[in-house]
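Down below is the structure, laid out as structure tokens.
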Amino acid sequence: MFTRIREDVRCVLERDPAARHWFEVLTSYSGLHAVWMYRVAHRLWNWRLRLLARWVSQFARFLTGIEIHPGAKIGPNLFIDHGMGVVIGETAEIGANVTLYHGVTLGGVSLARGKRHPTLEDGVVVGAGAKVLGAITIGRNTRIGANAVVVKDVGPDMVVVGIPGKPIHRPGPQPSEHRPDLDHNVLPDVISARLDQILQRLDEVEGAIHANGRGESDGRRKAQLEPDFVI
């Protein structure tokens, strides 16, 4: 247990430059407290003490503003930064070294009792206010931009922006296990890029039309200048 707590504190110190000392992290980080109480609730859930598990999770929600269903499956070194308004649903699955910012929702879109919440693989970073909805899978080391709404599967090493979320291959070097890519403000402008492509294509089409028009005009002028011979 103490080894796991030390790992939790270490991952916060590595990912948050505002964290100055282990004691500050231990006593002041609500995301950490929510994860610890989730582990208690999850153990009770697995022991089939479901009502007691829900009471613990609701108490954690009251204290931290973070709602984690005790049935969710969460891997090691989850870091919830700030955390207020984070919601993690019952059948959500989270891998190792995942980072969630405030306002993130891992929600369901179905009334079915089976798998209905997202799966986040190792190293995923979800920006503030993003919504990941449904029984979809977000591939390892993918970064989801702030306020994106993701409703379809996303492959590994992608960047996702927009509503609905549009995945784009991540440029540059890949993040390591202990240094995840937290630059969730560095996002491509998908709409602007598409508009630039359309404008470029229009310029090419207009250039071709003008060139063709000049060719036809020159042909007509040449025909007018040539004398008619009747044989």
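The values are calculated or read from the model by the stated rules, or taken from the named source; none is laboratory data. Every value quoted in this text rests on a predicted model; they were computed, and no experiment measured them. FYI the Cβ positions are ideal-geometry reconstructions off the backbone, even for glycines, and counts take in every protein chain you see.
Of all residues being polar (S, T, N, Q) and out of contact with any helix residue (DSSP H, G or I) (no Cβ under 9 Å at 6 or more places or on another chain) in region 85-141, which is nearest to ASP157 (Cα to Cα)? Just the residue, please. Ranking the qualifying residues of region 85-141, first place goes to ASN141. Just one of the numbered conditions (1) of a type in the set (Val, Ile, Thr); (2) buried (at least 20 other Cβ atoms within 10 Å of the Cβ); (3) more than 19 Å from ALA53 (Cα to Cα) is not true of VAL109: (2).
Put simply, of ARG48, ARG20 the only residue that is at positive phi and not in a helix (DSSP H, G or I) is ARG48. Count of region 101-113 residues, restricted to those that are farther than 15 Å from HIS69 by Cα, in contact with a strand residue (DSSP E or B) (Cβ under 7 Å, 6 or more places away or on another chain) and free of Cβ contacts under 8 Å to residues at least 60 places away in the same chain, is 1. Close contacts from region 82-98, counting a first residue that is more than 13 Å from VAL126 (Cα to Cα) and a second that is β-branched (Val, Ile, Thr) and not in a loop (DSSP other than H, G, I, E, B), with Cβ to Cβ under 7 Å and a gap of 6+ residues or different chains, come to GLU93/THR119. Within region 18-36, the set of residues being aromatic (Phe, Trp, Tyr) and surrounded by 13 or more Cβ atoms within 10 Å (Cβ to Cβ) comprises TRP22, TYR29, TRP36. Tell me, yes or no, whether region 159-172 has at least one residue that is out of contact with any helix residue (DSSP H, G or I) (no Cβ under 8 Å at 6 or more places or on another chain) and either at pLDDT 85 or above or not assigned by TED's automatic domain parsing to the domain that holds TYR101 (or both). Yes - at least one qualifying residue is present in region 159-172.
Look at (1) surrounded by 16 or more Cβ atoms within 10 Å (Cβ to Cβ); (2) under 23 Å from the mean Cα position of the chain (by Cα) and you find that VAL56 fails only one, number (2).
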